[in-house]
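Structure first, commentary second.
Derivation of every value follows stated rules applied to the coordinates shown; laboratory data play no part. This structure is a prediction, so every number in the text was calculated from the model and none was measured. Cβ: placed from backbone, ideal geometry, glycine included. Neighbour counts: every protein chain shown.
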Amino acid sequence: MLEELLPLRDAFVALFFVTVGILINPYAVVSRPGLLLALLAMVIVGKFVVWTGVTKLFGYRLRTAVLVGTGLTQIGEFSFILVQVAHASGLLGDDFYYATLAASLVSILANATLVRGSPRWIGEPQKQTRQQVTG
């Protein structure tokens with residue numbers, strides 16, 4: 001059953017990236033690369049630190065907290081709605097609007113790479129031998 005839904009999911013993911021990509025003005029993003037990099041740093045590093053800290057505060061091991069923090073290092077899809085409304089209301093200029101859209105796409109794409117590689121970077125859990133457990 002799930003195998004039948006995967007092509008549909010992939011089609012919607014492709015449609016999502018294409019439609020958001022069409023909204024981005026490449027000139028506006030390229031003309032202010034510092035803004036895009038600052039937004040990416042705030043989102044990826046900021047959300048990683050916050051969510052890793054929150055997970056650790058709830059008593060989980062550091063490895064689990066790092067995995068949770070890594071998994072949440074992207075701008076959520078709801079940000080598209082918020083930034084669109086703010087831009088239409090005149091609260092955001094074009095530069096920040098396009099940089100936010102670009103940061104959203106880049107953070108979503110980077111998140112997939114980070115999540116896939118994070119178990120290797122933080123090390124696989126060590127298997128305990130019977131001797132280590134009994135001490």
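Amide H contacts under 5 Å for L92: H87, restricted to partners 5 or more places along the chain or on a different chain, H placed in the peptide plane at 1.01 Å from N.
For L23 and V50, the difference between the fully extended length at 0.36 nm per residue and the C-alpha to C-alpha distance is 6.8 nm. Charges were assigned to the Cβ only: +1 to each Lys and Arg, -1 to each Asp and Glu. The resulting dipole of the chain about its Cα centre is roughly 800 debye. Spin-label pair I81-A38: with each label point 7 Å from Cα along the Cα-Cβ axis, the two points sit 2.8 nm from one another. The chymotrypsin sites (Phe, Trp or Tyr not before Pro) of segment 47-86 that meet both conditions, a loop assignment by DSSP and at most 14 other Cβ atoms within 10 Å of the site Cβ, are F58. Projecting label points 7 angstrom from Cα along Cα→Cβ for V115 and E4 puts them 2.5 nm apart.
Based on C-alpha pairs under 8 angstrom that are at least 6 apart in sequence, segment 34-117 has a relative contact order of 36 percent.
Only helices enter this figure: runs of n ≥ 4 DSSP H residues, each worth -39500 (n - 2.57), summed and divided by the residues of the chain, yield -26500 deg cm²/dmol at 222 nm to the nearest 500. Choose one of V83, F48, S31: the residue whose Cα lies farthest towards the positive end of the charge dipole of the chain (beta-carbon charges +1 Lys, Arg; -1 Asp, Glu; about the Cα centre). Result: F48, furthest along the dipole toward the positive end.
Charge tally around G69: other residues with Cβ under 13 Å, Lys/Arg +1 each, Asp/Glu -1 each, net +4. GNM remark for the chain: springs join alpha carbons under 10 Å apart, and the peak mean-square fluctuation among R32, R120, R63 falls on R120.
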